[in-house]
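Structure, as structure tokens:
The values are calculated or read from the model by the stated rules, or taken from the named source; none is laboratory data. Bear in mind the structure is a predicted one, so any value in this text is a computation, not a measurement. As a convention, Cβ positions derive from the backbone with ideal geometry for all residues, glycine included, and neighbour counts pool all protein chains shown.
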Amino acid sequence: MKKLIFFLISIVAFSLTEGCKEDDPETGKITLTFQELVDYLPLVTDTMKYTNEAGNEYLVTEVQYFISNIKLCFQDGSSYTIKQDDGIHYRDTDIPETKKWVIDDDIPVGVIDSIVFTFGLDEETNKTGLFPNPPESNMFWPEEIGGGYHYMKLNGKWMSVNAELTPFNFHLGIGQTYDTLGNVTGFVQNYFKVSVYLAVFSSFIMKIDPDQTTDIGLAMNIESWFETPHTWDFDNMGGMMMQNQEKLSMACENGFDVFSAGPAYDR
């Protein structure tokens, strides 16, 4: 009798286990590969080979930035928010291992319509001390002008109207308001939301398949920082923008179309 009872219990337990397995949603993985482009071609650093919309000849030495609050939006109307690393990724063109972000989240299967994220770090997240170690800690934003961290450092040089090779620091972060004496009276949060869609002519499909890893390229198109809606003329704007909210605001407004998505490649 005891053997029969044990046998029946085993059958019930097995059936319940199998039933749970059938109810488990299918999931896959995703890897984001970060790419920096100029005019659709991979960025070449430290080489004077680019001309922006204003006619400034320029070179880029390095690009460093944060994206956060990454959300995958599916064609069926559902969405999934990345949890790994608190949804924050740091990209540095001088650190090859930051090029790929291998995300270990179990992501529901489906076709991704768009990728939505915060460029930089939002007010709740962007606190001094968040990153105790380099390289992220090297992105600190001085405490007296808001604290926390840079959203981006895009550094380079341009050939000025006087034919002088002049450094520029296209840096985004927290802005400030000032009184007539030059004292800081408040801070302006300049992070902004980005929605990235595939180009209409792209044959690539952003799709999460069961038990598979999808590799998606997320490209920063450098030239877009310097055009639309504001044409960025370094001869007029100068090489610095920290502590100048007007310039910071214009740069952020130019950021709406900086990113694009497509197949990943390693170049």
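Some observations on this one:
- Search result, residues across the range 134-187 that are crowded, with 19+ Cβ neighbours inside 10 Å, among the hydrophobic types (A, V, I, L, M, F, W, C) and closer than 16 Å to T45 by Cα: L154, W158, F168, F170
- Residue within the range 201-221 that is farther than 18 Å from H150 by Cα, of a type in the set (K, R) and out of contact with any Lys or Arg (no Cβ under 8 Å at 6 or more places or on another chain) present: yes
- Scanning the range 52-78 for residues that are crowded, with 22+ Cβ neighbours inside 10 Å, in contact with a Gly (Cβ under 7 Å, 6 or more places away or on another chain) and more than 30 Å from E164 (Cβ to Cβ) gives F66, I70.
- Residue within the range 227-235 that is farther than 20 Å from T45 by Cβ, out of contact with any His (no Cβ under 6 Å at 6 or more places or on another chain), in contact (Cβ under 8 Å) with a residue 12 or more places away in the chain and in a strand (DSSP E or B) present: no
- Within the range 189-205, considering residues that are surrounded by 13 or more Cβ atoms within 10 Å (Cβ to Cβ) and touching a Gly at 6+ places or on another chain (Cβ under 9 Å), the one farthest from L59 (Cα to Cα): F204
- Subset of the range 67-83 [touching a helix residue (DSSP H, G or I) at 6+ places or on another chain (Cβ under 7 Å) and either within 16 Å of W225 (Cα to Cα) or among the β-branched types (V, I, T) (or both)]: I70, T81
- Enumeration of residues in the range 199-215 that are of a type in the set (S, T, N, Q) and assigned to a strand (DSSP E or B): T213, T214
For (1) of a type outside the set (G, A, S); (2) modelled with pLDDT under 95, each residue gets a yes or a no:
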{"position": "S10", "(1), (2)": "no, yes"}
{"position": "L16", "(1), (2)": "yes, yes"}
{"position": "E22", "(1), (2)": "yes, yes"}
{"position": "K29", "(1), (2)": "yes, no"}
{"position": "P42", "(1), (2)": "yes, no"}
{"position": "E62", "(1), (2)": "yes, no"}
{"position": "K71", "(1), (2)": "yes, no"}
{"position": "Y90", "(1), (2)": "yes, no"}
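- Candidate set: the range 79-104, residues that are assigned to a strand (DSSP E or B) and among the β-branched types (V, I, T); chosen: the one surrounded by the most Cβ atoms within 10 Å (Cβ to Cβ): I103
- In the range 178-199, the residues that are free of Cβ contacts under 8 Å to residues at least 60 places away in the same chain and among the β-branched types (V, I, T): T180, V184, T185
- Set side by side, the residues Y90, Y80 differ, and just one is over 28 Å from D233 (Cβ atoms), in contact with a Ser or Thr (Cβ under 7 Å, 6 or more places away or on another chain) and aromatic (F, W, Y), which is Y90.
- Residue ID - surrounded by the most Cβ atoms within 10 Å (Cβ to Cβ), chosen from residues in the range 105-133 that are touching a residue at least 24 places away in the same chain (Cβ under 8 Å) and either at positive phi or of a type in the set (S, T, Y) (or both): G120
- Top-ranked residue in the range 242-259 [being among the aliphatic types (A, V, I, L, M) and closer than 26 Å to P42 by Cβ; ranked as surrounded by the fewest Cβ atoms within 10 Å (Cβ to Cβ)]: V258
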